[in-house]
1. Going by average Cβ neighbours within 10 Å, how do the peptides 5-18, 69-82 rank, with the highest at the top?
2. Can you tell me the relative contact order of the chain? Whole percent, Cα pairs under 8 Å, sequence separation 6 or more.
3. So if R0 is 30 Å, what FRET efficiency would residue 8 and residue 112 give, r being the distance between their Cβ atoms, rounded to the nearest 0.05?
4. If one takes the longest principal axis of the Cα atoms in the chain, at what angle in degrees, from 0 to 90 and to the nearest 10, does the Cα axis of helix 72-87 lie?
5. Quick check: residue separation of residue 120 and residue 40 times 0.36 nm, minus the Cα distance between them. What number comes out in nm?
6. Quick one: helix 3-25 against the long Cα principal axis of the chain, what's the angle to the nearest 10°, folded into 0 to 90?
7. Each label point is 7 Å from the Cα along the Cα-to-Cβ direction; what then is the distance between the points at residue 70 and residue 18, in nm?
8. With r as the distance between the Cβ atoms of residue 99 and residue 57 and R0 = 41 Å, compute the FRET efficiency 1/(1 + (r/R0)^6) and round to 0.05.
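Derivation of every value follows stated rules applied to the coordinates shown; laboratory data play no part. Nothing here was measured: the structure is a model prediction, and the numbers come from that model. Neighbour counts run over all protein chains shown; Cβ positions are idealised from the backbone, glycine included.
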């Protein structure tokens, strides 16, 4: 084989490995790294107000979905989380569109949409999900926080 063929094979192999790693991470629950501090302190005022104005402020857990206008997976996530909240006691879903406020993503450590931050009633981040959540993993991860 010539050098061009080898280069092509290597490029395809690298792309395949990258794709497999990406797919394995997509929608997985990742533990929070923020510790015991409240996310409410990090939130920009406009975002804090949207959370305060959202219904069910007495919920034990808030699923804060960060989306953008033209994000197709964001629509799928909205449907999945809305259905999940309708079937799960003590959980509320708040979606925030970052299209007009991209600066809000920096203090939250959000680098892609959709990202769902799962917050307890004190505003501590329990975990987060990048991409469309996997319903069964989300339910399992939330179970200890709803008991």
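1. Ranking, from highest mean packing down: 69-82, 5-18.
2. It rounds to 34 percent for the chain.
3. Working: r = 29 Å, r/R0 = 0.97.
For residue 8 and residue 112, the calculated efficiency is 0.55.
4. 40 degrees
5. 27.7 nm
6. Approximately 20 degrees, to the nearest ten.
7. Inter-label distance under the simple model: 2.1 nm.
8. Numbers: r = 25 Å, r/R0 = 0.61.
Efficiency, rounded to the nearest 0.05: 0.95.
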